[in-house]
Amino acid sequence: MFPVLLTPWLKSNFTHKKSNSPLLIADLGSGSAELTRQIIQNVLRKKNLQPLTIVAFDNSEVSQLIAQKNLSCFNESIDIVKKGKLNESDFLVLIKNHKKPVKVILCSNDIFNIENDFENIHFNIIYHSFFKHHLNKAQKIKIDGIIKKKSEIALEYDGYHSLLGATIQAFFVWKNPVLLSGAIFSNLRYYSKQELKKFSKDSKVYIYRFGTLLFYRGTYMRIVNK
Ligand SMILES: C[S@@+](CC[C@H](N)C(=O)[O-])C[C@H]1O[C@@H](n2cnc3c(N)ncnc32)[C@H](O)[C@@H]1O
């Protein structure tokens with residue numbers, strides 16, 4: 001994972017103590033929860049920490065198990081609760097009992113149903129990474145609308161479309177059909193820089209380019225702060 005994912009956390013005081021009530025954060029399509037792991041690693045180093053509850057949404061059991069294993073590196077210092085599909089009342093019970101500074105709830109609710117499943121719950125921050133390019137145009141619009149309604153701050157991290165990037169990645173993985181199709185098809189589905197510019201009306205968009213000819217990746221971070 002690129003360190004840029006943590007940039008907003010490192011620069012901001014999202015998790016600096018403002019109150020004793022836990023910050024409620026959601027990671028949509030959390031996969032291995034690597035971003036969540038890095039955020040926790042970072043916030044645990046801070047002193048005056050506002051308690052955090054991070055809800056990692058992923059509807060794949062395999063992803064949830066991988067996430068649970070990935071987060072087990074924190075041993076006893078955080079609470080990890082793995083659940084299936086949660087309803088609002090179970091959810092409220094889970095977020096009330098906060099014994100450790102960080103609690104992660106792994107749940108399998110469909111992210112497109114968050115509004116119905118958690119009608120009265122509002123997240124301080126919603127983020128997602130390397131997820132949006134998997135969605136079609138209608139789903140992208142839908143998820144943006146849901147996130148806007150359900151969060152104060154939204155962070156979106158993904159790759160942007162680059163012919164150069166796709167060609168370089170394809171060159172290095174051409175012997176591996178899975179990685180090759182991933183490199184090409186992911187790149188084709190990424191937003192172009194022109195499309196990203198359109199977001200600058202309601203959000204801040206930061207473009208990052210890593211590497212040289214040997215290693216190339218173009219990514220962006222979009223921050224919507226109400
Ligand atoms: C590309 S992967 C995860 C990327 C991960 N966030 C990262 O940064 O590496 C997308 C994940 O979203 C999950 N997913 C896809 N559609 C979903 C949905 N409708 N609701 C919940 N999870 C979903 C998939 O199971 C998958 O694990």
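What follows draws every value from the coordinates through simple rules; no lab data is involved. Keep in mind the model is a prediction, meaning the values are calculated, not measured. Because the Cβ atoms are built from the backbone with ideal geometry, glycine has one as well, and the counts that use them run over all protein chains shown.
Key figures for this structure:
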| read-out | value |
| --- | --- |
| Between 0 and 90°, nearest 10: helix 34-45 axis offset from the chain longest Cα axis | 50 degrees |
| Qualifying GluC sites (Glu not before Pro) for the stretch 60-120 [loop in DSSP, other Cβ within 10 Å: at most 14] | Glu119 |
| Reachable aspartates and glutamates from Lys47, criterion Cα separation under 20 angstrom, eight or more residues apart if same chain | Glu76, Asp79 |
| Qualifying chymotrypsin sites (Phe, Trp or Tyr not before Pro) in the stretch 154-194, DSSP loop, other Cβ atoms within 10 Å at most 12 | Trp174 |
| Highest average packing first - 43-51, 27-35, Cβ atoms within 10 Å | 27-35, 43-51 |
| Gyration tensor (alpha-carbon) shape descriptor, the stretch 123-203, a/c threshold 1.5 | prolate |
| Lysine pair number, Cα distance threshold 25 Å (strictly under), the stretch 160-226, separation 8 or more or different chains | 7 |
| Extension reserve of the Ser21-Asn225 stretch, reckoned as 0.36 nm per residue once the Cα distance is removed | 71.4 nm |
| At R0 = 30 Å, FRET efficiency that the Cβ-Cβ distance of Lys96 and Lys148 yields, to 0.05 | 0.70 |
| The chain: relative contact order in percent, alpha carbon pairs under 8 Å with at least 6 residues between | 17 percent |
| The stretch 160-226 - Kirkwood radius from inverse mean 1/r over Cα pairs (Å) | 12.8 Å |
| Length-normalised contact order for the stretch 32-147 - Cα pairs under 8 Å, 6+ apart - percent | 30 percent |
| Aspartates and glutamates with Cα under 20 Å of Lys148, excluding same-chain neighbours fewer than 8 positions away | Asp27, Asp58, Glu88, Asp110, Glu115, Asp117, Glu119, Glu156, Asp158, Glu195, Asp202 |
| For the stretch 60-170, the Rg and Dmax computed from alpha carbons only, in angstrom | 16.5, 50 |
| Relative contact order (percent, whole number), the stretch 90-206, Cα cutoff 8 Å, 6+ residue spacing | 23 percent |
| Rg/Rh (Cα only; Kirkwood hydrodynamic radius) as it applies to the chain | 0.97 |
| Bridge type composition, the chain - antiparallel percent by DSSP, nearest 5 | 40 percent |
